[in-house]
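Shown next, in structure tokens, is the structure this report addresses.
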Amino acid sequence: MSNETSTLETLTSQEYKYGFVTEIEEETVPKGLNEDIIRLISSKKKEPDFLLEWRLKAYRHWLTMKEPKWANVHYPPIDYQDIIYYAAPKRKPKWNSLEEVDPELLRTFERLGIPLEEQKRLSGVAVDAVFDSVSVATTYKEKLAELGIIFCSFSEAVQNYPDLVQRYLGSVVPYTDNFFAALNSAVFSDGSFCYIPKGVRCPMELSTYFRINASETGQFERTLIIAEEGAYVSYLEGCTAPMRDENQLHAAVVELIAHKNAEIKYSTVQNWYPGDKDGKGGIYNFVTKRGLCLGDNSKISWTQVETGSAITWKYPSVILKGDNSVGEFYSVALTNNYQQADTGTKMIHIGKNTRSTVISKGISAGHGNNTYRGLIKITKSASGARNYSQCDSLLIGDKCGAHTFPYIEVRNNSARLEHEATTSKIGEDQLFYCNQRGLSTEDAVNLIVNGYCKEVFHHLPMEFAVEAQKLLAVSLEGSVG
Amino acid sequence: MLKIRDLRVAVEDKEILKGINLEVNAGEVHAIMGPNGSGKSTLAQVLAGRETYQVTSGEVLYEGKDLLKMPPEERAREGIFLAFQYPIEIPGISNSYFLKAALNAIRKHKGLEELDAMEFLTLAKQKLKIVEMDPSFLNRPVNEGFSGGEKKRNEIFQMAILEPKLAILDETDSGLDIDALKIVANGINKLRSKDNAIILVTHYQRLLNYVIPDYVHVLFDGRIIKSGGKELALELEEKGYDWIKEEVETVRS
Ligand SMILES: Nc1ncnc2c1ncn2[C@@H]1O[C@H](COP(=O)(O)OP(=O)(O)OP(=O)(O)O)[C@@H](O)[C@H]1O
Ligand SMILES: [Mg+2]
């Protein structure tokens, strides 16, 4: 028996494949956080006054808050004065074509398997590459501009569309929302901004590849997506990070706003560095993602595949305000070695006949600990609201754990809620059966895991689904004993 | 094809197989019978490479190679197939997806081109006919929710697709209705050829009426205590195992 257990252990403890550091000169501000640092960041970015004021208010509010301790994750205390809050590539890039982009950066993308050139030509994906904190490559902008679509870095949006930023920034996730959202609001460096005008269907998937690069630079991304009446957009977010020793804090905020009849699909394949086999290093990922179905018949879907981070704390949520609006959450979260994930979703039903679907697939391997935490809240006004939730856990080996905390609050008795939960285990019996049919243990695990995640992959755009499948394979792969 | 010499196997210090000797040549069908708990499944699983069992001594040669050194998937790719006494369920993966992956792993090992989805489907539909299974079984998760008999038929279907050299069928006839028994027997006979060998573990003569064995062995308490031709099975059916036990005991004393 011990023999088989150790096979599973080696199998599930493969080293992180995308760990490497790109050498690009960086411009940084001094370590630590105070009002002067915030003023410095804001002035470096030549921001309008309203934004500086907003940052300062957020900072002052943050000072009054305590780090949340309720999540089922454990980590040493973070010294917020020991973090560099701003880093930007030194040569301010303004590229017209890829040839002008730093070849080192392009090579980085290639090593990540996302050559921009290829992407431009083959898949029609416009890529706004956030490299560390400042965007350095943006493509397809003109084509999108013809349709009135704005897709740019957050900093550019602040410069060019300050009214839109001022109107929507913090409208879904106010800086008072939580500790990490407040911190982000105070110091966010850059991110993506996307605006789809009335009646426009964005003709391509919009995609951003995030990447943490500068050592000890906390990443505070800010993403804002607005879909006007009848608009549609599918947005892809993907990330990989280089291997390193220091724990890195990542506290992003993503806000989505869907007006009447609009639809936003937000897909994430997340692959932060998870830490080594003993759990050392790795990214702390504390993210606030929230969508607001503001108008009637609007729809927001979150689809995510998480394989990275030492610690993940993340609950993409939807506020269903408009009548008949729809919220969806499809998630695969994998924890391996000593990774910890506390993820889930919140669906807040406010409008009439609002509907939400939650499909969560947790996979735990090694010493991984996976927690699903979901809240379905039906407010008084939400008559006819419906929710279907399904939370499945898959255990690989017997040192890992899975926990499910479904919270339900119902204030309107016309609501209908359904909840299903299962826990299964990849057993030695199944692996042996697969082996006996000629499949290696590694292939067998992938086969079973992919079968288990199918329902979620199904909601990812094609290329992303393939990538997600590969990521899971890489994350579970190892030298079979 | 297969030479087992003085094979001893234990689980958690309990000896289960106590010196098995058996030789199986290409073209032969061997039936292994014996009372419950005598070690038949253990032998089958050890041949397939199950690690739960510790081989304490002896050797097994398969086509001249040291079988015990090979990992289970390599044994499978080299042509050993085990139809499980209790087939395993794999939720979430369709039967056809699973089998296509298995077949392609084996084909790759043999240096053959892998089949694409269409080619596989054509092959699968053809083989389904042998076991008279409905094509809907292709899309259902492996063995999940299959009835006992359907699981057994599915094992034979898999065997028909994978075309092993040495098939070990562990009580594939148990739990089958009369019609299904004939269908399964037919499937087994289809595999029979001068190049292949089959080991049938069974409790009943009724399968052996359709799949006529060349040899019958009686496994008792971890040893093969008697071997013979197809008549031996008939004799066992009639008289049970006690007379052999007595025979063995008198020989020993
Ligand atoms: N994993 C195991 N752990 C402990 N004991 C085992 C294990 N596997 C088999 N045994 C024991 O070894 C003996 C032989 O079991 P085996 O399954 O090989 O019998 P069998 O001849 O196939 O019986 P049946 O006709 O009932 O299928 C039994 O006493 C069984 O309890
Ligand atoms: Mg048995």
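The values are calculated or read from the model by the stated rules, or taken from the named source; none is laboratory data. Small disclaimer: the values here were computed from a predicted structure and weren't measured. Glycine gets a Cβ as well: all are built from the backbone with ideal geometry, and neighbour counts include every protein chain shown. Surface accessibility is based on the protein's heavy atoms, side chains included, excluding ligands, DNA and RNA. Shrake-Rupley method; radii C 1.70, N 1.55, O 1.52, S 1.80 Å.
Here are a few things to note about the model shown:
- Matching residues in the range B:160-178 - criterion: being within 13 Å of ligand 2 (Cβ to nearest atom), part of a loop (DSSP other than H, G, I, E, B) and closer than 13 Å to B:L82 by Cβ: B:E171, B:T172
- Those residues of the range B:192-224 which are within 16 Å of ligand 1 (Cβ to nearest atom), part of a strand (DSSP E or B) and within 14 Å of B:H30 (Cβ to Cβ), in sequence order: B:I199, B:L200, B:V201, B:V216, B:H217, B:V218, B:L219, B:I224
- Of the candidates B:G58, B:G79, B:G27, the single residue that is within 14 Å of another protein chain (Cβ to nearest Cβ) and either modelled with pLDDT of 95 or more or more than 16 Å from ligand 2 (Cβ to nearest atom) (or both) is B:G79.
- Qualifying residue in the range A:387-405 (condition: in a loop (DSSP other than H, G, I, E, B) and of a type in the set (S, T, N, Q)): no
- Figure legend. Inter-residue proximity from the range A:444-464: first residues part of a loop (DSSP other than H, G, I, E, B), second residues of a type in the set (D, E), beta-carbon distance below 6 Å, spacing 6+ or different chains. Indicated pairs: A:P461/A:E205.
- Within the range A:224-242, the residues that satisfy the criterion of being open to solvent by 10 Å² or more (accessible area, probe 1.4 Å), modelled with pLDDT of 95 or more and over 11 Å from A:K265 (Cα atoms) are A:E228, A:E229, A:G230.
- Only a single item in (1) modelled with pLDDT under 70; (2) under 30 Å from A:G397 (Cα atoms); (3) of a type in the set (A, V, I, L, M, F, W, C) is not met by A:I24, and it is number (2).
- Any hit, the range A:430-452, residues being of a type in the set (V, I, T), away from every other protein chain (no Cβ under 14 Å) and in contact with a Ser or Thr (Cβ under 8 Å, 6 or more places away or on another chain): no
- Among residues of the range B:31-49 that are on the phi < 0 side of the Ramachandran plot, those with a beta-carbon under 8 Å from a residue that is within 6 Å of ligand 1 (Cβ to nearest atom) and assigned to a strand (DSSP E or B) at least six positions away or on a different chain give the pairs B:T42/B:V11; B:T42/B:I16.
- Test: residue in the range B:3-16 that is over 22 Å from B:A167 (Cβ atoms), of a type in the set (G, A, S) and over 14 Å from the mean Cα position of the chain (by Cα): yes
- Condition met for B:F120 (surrounded by fewer than 21 Cβ atoms within 10 Å (Cβ to Cβ) and in a helix (DSSP H, G or I)): yes
- If you filter the range B:169-191 down to residues that are among the charged types (D, E, K, R) and within 16 Å of ligand 1 (Cβ to nearest atom), you find that the one that is modelled with the lowest pLDDT is B:D173.
- Count of residues meeting criterion [within 13 Å of chain A (Cβ to nearest Cβ) and open to solvent by less than 30 Å² (accessible area, probe 1.4 Å)] in the range B:123-143: 2
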